[in-house]
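First the structure, in the form of structure tokens, and then the observations on it.
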Amino acid sequence: MTPADDDVLFAGAARQAALIRERRVSPVELVTAYLERIDIFDVRLRAFITVCRESALAEAVRAEAEATKGAWRGPLHGIPFAVKDQVDTAGVLTTSGSALLRANIPSADSTVVAKLKAAGAILLGKLNLTEFALGGTIRFPYGQPRNPWNPDHDPGGSSSGSGIAAAAALCSVTLGEDTGGSVRSPASYCGAVGLRPTWGRVSRHGCFPAAWSMDQIGPLTRTVEDAALLLGVIAGYDPKDPLTSRSTVPGYCAALANGAKGMRIGVITELVDGSDTHPEVRGTIRDAARGLASLGAAMEDISLPLVPLSGAVFMALCDSEAAGYHMRWLSERAEEYDQGTRRRLVTAGLIPAAAVHRAARARALIRSQVLDALAEFDLLLAPTSPHPAPAIASHTAPLTSKEQAGARFFGRRSYTTPASLAGVPAISVPCGFTAGNLPIGLQLIGRPMGESSVLAAAHAWESAAGLSIRRPAIAVA
Amino acid sequence: MADLGPEDVGRVAASLSLPLTGDDAVEIAHRLNAFLDALAALDALPLEQVEPWPTRPEGIS
């Protein structure tokens, strides 16, 4: 196998794991090929903060030796993965994308990383992100992450490197963390699959917090099948995270065969037809809804009038939580923050407490509206983002008015935060491209613990649309 | 409600020991005014009738 064997490198981890078991691909070949792709492409894309070159190769040699003996660790034996640098990895630099943590080397793995390793996966590296997973970073201390479909455009955030690495095939699979859309947004912008599980489905132990009440780790992959595979490995109760659910983890991969037939899917009109939604996005999402109907789903428009308030409500709650966490560092080490992060946190520190509490009450109303809709429908459908990936320069320019601030920070977030505020699962799956060759993401939102239905419908759509064969033509720096 | 200006932001931030440098106060004023406008819109909702709710979504044990 050589790096030119793109069919293997762009294949999903499920396929790669089968090839390893059939002894047609070796873990050493796979790790070596991805390291070569990182050397070639990541100079420009800046998906990785740390590449675990030597340890990954050593693990691959060990995995290969075990394979020779027929000793399989688990479903991800020999699969190279990378994880957002917000998530602890024993003995490996973990920065949360901030200069403040430039020397932080955890002594233990986070629960999700420990579970992936126990399943046989090999840590290839740590992935870039907006500082402290908050979004709005102006200058990235570890390099400006770039969209593999057009390097002048934003890859989305906060799990920027996870989206890039999945879409550009710099590793087999990745993990991100989604507070208000941080897995789904990069999935949408980069043309990958991103799943936010139900809040409490996956342990956050060892993950630097953005907002406890909404943080959730999830897979960012090239295929829905891989998202199901990874979720099956990382989900479940963890005594180190008392907010994880004790509910049984179902067989997510087996559920993929259920498809979308017979499902009732509500199309959120405020997000599909709203004035913020780009015409190409609207058209593509409506086409996807028709595609799901052709697969046997019953599609129906539904109005959720509180949803457009979600972005502002989310930011008031998330940023206040984050500001509370960062207050001491803000006072003592302000100059080490990126300017965008610092301004975001200081702003949140100045919002009146009564206004935050009213936002918490508004959250309850939005949540009820989403859950009531999900009592009627199996899934809700919306664009992941109102527009394709914007140019990087467009959202780093100084703000000159409150209207500009509101449009930049609240509007887009109203598309992903309804699921975050309600604590329910949601997936972004590629559903088309703009005329300018930028990906568009379809979002499917499910009932609490309804990941199986979310994944089944997304898998049916992905299989019918056949978009996973399209690959970015990445320019070499 | 009148918009806050950079001077207002500077005074409150100083009282809370929150750091400001360069043009921070100007941009933070825009951000804060955007928040206050957006959150004021919530007053139209029946917020006083919201019942207490659990952290976890229904159906999770």
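When both the range A:169-209 and the range A:237-301 are represented by their alpha-carbon centers, they are found 16 Å apart. Rounded to the nearest Hz, the phi-derived 3J(HN,Hα) couplings of the range A:190-196 under the Karplus curve 6.51 cos²θ - 1.76 cosθ + 1.60 (θ = phi - 60°) are 9, x, 10, 9, x, 10, 9, where x marks glycine and proline. The base-10 log of I(q)/I(0) for the range A:180-279, evaluated at q = 0.10, 0.11, 0.18, 0.21 Å⁻¹, reads -0.35, -0.43, -1.03, -1.22 [Debye formula, identical scatterers on Cα atoms, solvent excluded]. Set the Förster distance to 22 Å, then compute FRET efficiency between A:A103 and A:M327 from the Cβ-Cβ distance, nearest 0.05. FRET efficiency, A:A103 to A:M327: 0.50.
Listed by chain and number, the lysines placed with their C-alpha closer than 30 angstrom to that of A:K240 are A:K84, A:K115, A:K117, A:K126; residues fewer than eight positions away on the same chain are left out. Within the range A:259-323, the trypsin sites (Lys or Arg not before Pro) that combine a DSSP coil assignment with at most 13 other C-beta atoms in a 10 angstrom radius are A:K261. Counting Cβ atoms of other protein chains within 10 Å of each Cβ in A:333-344 and taking the mean gives 3. With a Förster radius of 45 Å, plug the Cβ-Cβ distance of A:R264 and A:A393 into 1/(1 + (r/R0)^6) and report the FRET value to the nearest 0.05. It comes to 0.60. Put in order of Cβ neighbour count within 10 Å, fewest first, the listed residues A:V61, A:V202, A:V112 become A:V61, A:V112, A:V202. Across chain A, the mean sequence separation of Cα contacts (distance under 8 Å, 6 or more residues apart), normalised by length, yields a relative contact order of 18 percent. Size descriptor for chain A, Kirkwood hydrodynamic radius: 21.8 Å (Cα pairs only, one decimal). Per-residue mean of foreign Cβ neighbours for A:398-410 is 5 (Cβ atoms of other chains, 10 Å radius). Fully extending the segment from A:R470 to A:L243, taken as 0.36 nm per residue of separation minus the present Cα-Cα distance, adds 77.8 nm. For the range A:292-439, the gyration tensor built on C-alpha atoms gives an oblate shape. Its axis ratio a/c (a ≥ b ≥ c) is at least 1.5, and a/b is not larger than b/c.
No value in this document is a laboratory result; all are computed from the given coordinates. On a predicted model such as this, the values are computed, not experimentally measured, just so you know. Neighbour counts run over all protein chains shown; Cβ positions are idealised from the backbone, glycine included.
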